[in-house]
Amino acid sequence: MNKALNILFTASEVVPFAKTGGLADVAGALPKALASLGHNVIVVMPRYYSIDKDKLEHIVGPLGVPMGAMGELWAGVYKDTLPNSDVPIYFIDYEQFYGRSGLYADEQGFSYSDNDNRFVFLSKAAFQLCKKIGFKPDIIHAHDWHTAAQPVLKNSRYAFDDFFKESASVLTIHNLQHQGIFFKGVMDVMEAGWEHFNPHELESMDGVNILKGGIAHADAVTTVSRKYAHEIQTPEFGFGLEGHIGAHSYKLYGILNGVDYDEWSPAIDPFIARRYDLDDMSGKAVCKADMQDRFNLPVWDDVPLIGFVGRFAEQKGIGLIAGAIEGLLHLNVQIVMLGTGEKWAEGFFSDIAGKYPDRFACYIGYSNELAHVIEAGSDLFLMPSLFEPCGLNQIYSLRYGTLPIVRATGGLDDTIQNYDPATKTGNGFKFEWATNDALYHTVKWAADTYRYEKDAFAIMQRTAMQARFDWESAAEKYEDLYYHTLYSRRVKNYK
Ligand code: ADP
Ligand code: GLC
């Protein structure tokens, strides 16, 4: 048996404390799965304004965080555990950085102008916290640009700090679109040293690109599906970093996310109208009627009901849906969308709901309850993403027997097998090209299959519901990677 590892896990959002997307789901679940394998994990995140500190344990004594040109800043630290576990989560409390309504942006959607300082602070605070509580990390696991400064800091500001001498760093890219590009003045706050300001490390067109630096310095880089690990080395998906990532592909791995089946299972879901499972699917029809009712749609049991849940962002293919929507609604289907984000999309889809009240409904906002209602009540789930590093909703859909219609990209391609009418196999419907036509024809195909090939549809539902993407197996892959990375890092230390 390998030795238990100390793992520092720093993320900008963690379920159930703060969430804008799937990163929070991963940061809330993976540490628990790693702890179940016997490792000691601590999680660190900001104490955002929305997190009630009265419910947290206060750690006595302020935490000093060196911020270079800004001097040493003093943070408060609070503590809790991840739900249903002993995994400690620490909250870094610093009013000037985190005492705001949004996580990354204000209510109008404008990113905070000091996001560089806010997240360099988080990255460093996690290091300082480790020293304060005497937690020597074997693995420093950073996530996305927000904490990608950690691998850089490990090799620079903290390079000669004995406390981290034996640590190895892992950086997970959940979304390459957001890289943390800032004015180069942040170099003086990060204290990595200007020698790291060059096009192979932190520099990007005279600015600082934090994710780029993290990729250069991490001992291992992961993404959240194998397909996405390949895609980000191409111009279509690389957002300008394809060459840089290609140069570091020797240490790049794709590990698919898991999902939390304690939350996402129709047999135990507290939010849905009638629970169901493989042995008794009758509850699904009740859930469909309930969903139609909640969204003020006519309750038609034989019309395919298609759901969408997700951020209204270009990434999610909302442009494709908008371009195809009127054609789709003439296919005699009903479509329900839940989401929030780009203002044009919120307005556009609200207008469509006004124009087609018996075919289309949307809820502009965030609602975990409605997300469950849609997963259970829909016959088909729409996810035509332009890119999708992993994607969680299509995996939830499988569990609910709600067949996904997806574009063949990233984790969508890795988790969905296209329906093959000849063998009646598959668990969803896929298309390649990001065009309105391809989307339209694939939805038509799925709707026709629902209507005219009921047996094949039912077989696919069974296949979908039987599949498992659990965190335990994902955690085992991370564990293998941690050991591998740690030993190769230590071997390097002896050179
Ligand atoms: P991403 O992280 O790119 O947004 P994922 O599919 O990985 O995409 O994760 C999205 C997560 O956020 C899922 O858990 C999904 O249910 C949830 N979600 C997104 N938008 C909403 C919303 N408007 N209401 C409720 N849940 C939402
Ligand atoms: C990102 C990606 C999404 C992925 C999630 C969790 O937000 O957009 O595809 O599932 O991170 O890894």
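The values are calculated or read from the model by the stated rules, or taken from the named source; none is laboratory data. Bear in mind the structure is a predicted one, so any value in this text is a computation, not a measurement. Positions of Cβ are backbone-derived with ideal geometry, glycine not excepted, and every protein chain shown enters the neighbour counts. Only protein heavy atoms, including side chains, enter the accessible area calculation; ligands, DNA and RNA are left aside. Shrake-Rupley method; radii C 1.70, N 1.55, O 1.52, S 1.80 Å.
Of all DSSP beta bridges confined to the chain, the antiparallel ones make up roughly 30%. For region 283-305, backbone nitrogen atoms closer than 11 Å to the point 7 Å from residue 454 Cα along Cα-to-C-beta are found at 302.
Taking 244, 141 and ordering them by how much accessible surface each has at a 1.4 Å probe, largest first, produces 244, 141. Counting DSSP beta bridges in region 282-468, what percent are antiparallel, to the nearest 5? Antiparallel: roughly 5 percent of the beta bridges in region 282-468. If you bin all the Cα-Cα distances of region 277-352 at 5 Å, starting from zero, the percentages per bin are 3, 13, 24, 21, 17, 13, 6, 3, 0. In a shell of Cβ-Cβ distance under 10 Å around residue 215, excluding residue 215 itself, what net charge do Lys and Arg (+1) and Asp and Glu (-1) give? That sum, taken over residues with Cβ under 10 Å, equals +1.
Between residue 435 and residue 417, the simple spin-label model (points 7 angstrom out along Cα→Cβ) gives 2.9 nm. Taken about its Cα centre, the chain carries a charge dipole of about 840 debye when Lys and Arg each add +1 at the Cβ and Asp and Glu each add -1 at the Cβ. Work from the charge dipole of the chain (Cβ charges, +1 for Lys and Arg, -1 for Asp and Glu, about the Cα centre) and give the residue of 62, 435, 160 farthest towards its positive end. Towards the positive end, the residue furthest out is 160. Subtracting the Cα-Cα distance of residue 178 and residue 462 from their residue separation scaled by 0.36 nm leaves 98.5 nm.
Assuming charge only on the beta carbon of Lys and Arg (+1) and of Asp and Glu (-1), the dipole of region 282-468 about its Cα centre is about 280 debye to the nearest 20.
Within the shell defined by Cβ-Cβ distances under 15 Å, the residues around residue 197 carry a net charge of -4, with Lys and Arg each +1 and Asp and Glu each -1. What's the local net charge at residue 486, with K and R +1, D and E -1, over the other residues with C-beta under 14 Å away? In short, +3.
For region 1-138, the share of DSSP beta bridges that are antiparallel, to the nearest 5, is 60%. Pairs of Lys residues in region 282-468 that lie 8 or more places apart, or on two chains, and have C-alpha atoms under 26 angstrom apart add up to 21.
Can you tell me how the chain classifies by the Cα gyration tensor, rounded, prolate or oblate, using a/c under 1.5 as the rounded cut? Prolate, because a/c is 1.5 or more and a/b exceeds b/c. Extension gain for the segment residue 49 to residue 188, taken as residue separation times 0.36 nm less the Cα-Cα distance, is 47.3 nm to one decimal. In percent, rounded to a whole number, the relative contact order of the chain is 12, using alpha-carbon pairs under 8 Å and six or more apart.
Computed from the Cβ-Cβ distance with R0 of 30 Å, the FRET efficiency linking residue 113 to residue 195 stands at 0.65.
With a Förster radius of 30 Å applied to the beta-carbon distance between residue 206 and residue 96, the computed FRET efficiency rounds to 0.65.
Of the two radii for region 282-468, the radius of gyration is 0.92 times the Kirkwood radius, both from the alpha carbons; that is the Rg over Rh value.
Computed extension length for residue 274-residue 81: 66.3 nm, one decimal, from 0.36 nm per residue of separation with the Cα-Cα distance subtracted. Converting phi to 3J(HN,Hα) with the Karplus coefficients 6.51, -1.76 and 1.60 and the offset θ = phi - 60°, region 148-154 yields 5, 5, 4, x, 5, 5, 4 Hz in sequence order, with x at every glycine or proline. Taking every alpha-carbon pair under 8 Å whose residues sit at least 6 apart, region 282-468 reaches a relative contact order of 22 percent.
Within the full protein context, the accessible area of residue 44 is estimated at about 0 Å² for a probe radius of 1.4 Å. In this view, the solvent-accessible surface of residue 489, computed with a 1.4 Å probe and all protein chains in place, comes to about 40 Å². Only helical runs count toward this figure. For the chain, summing -39,500 (n - 2.57) over DSSP H runs of n ≥ 4 and dividing by all residues gives -11500 deg cm²/dmol at 222 nm.
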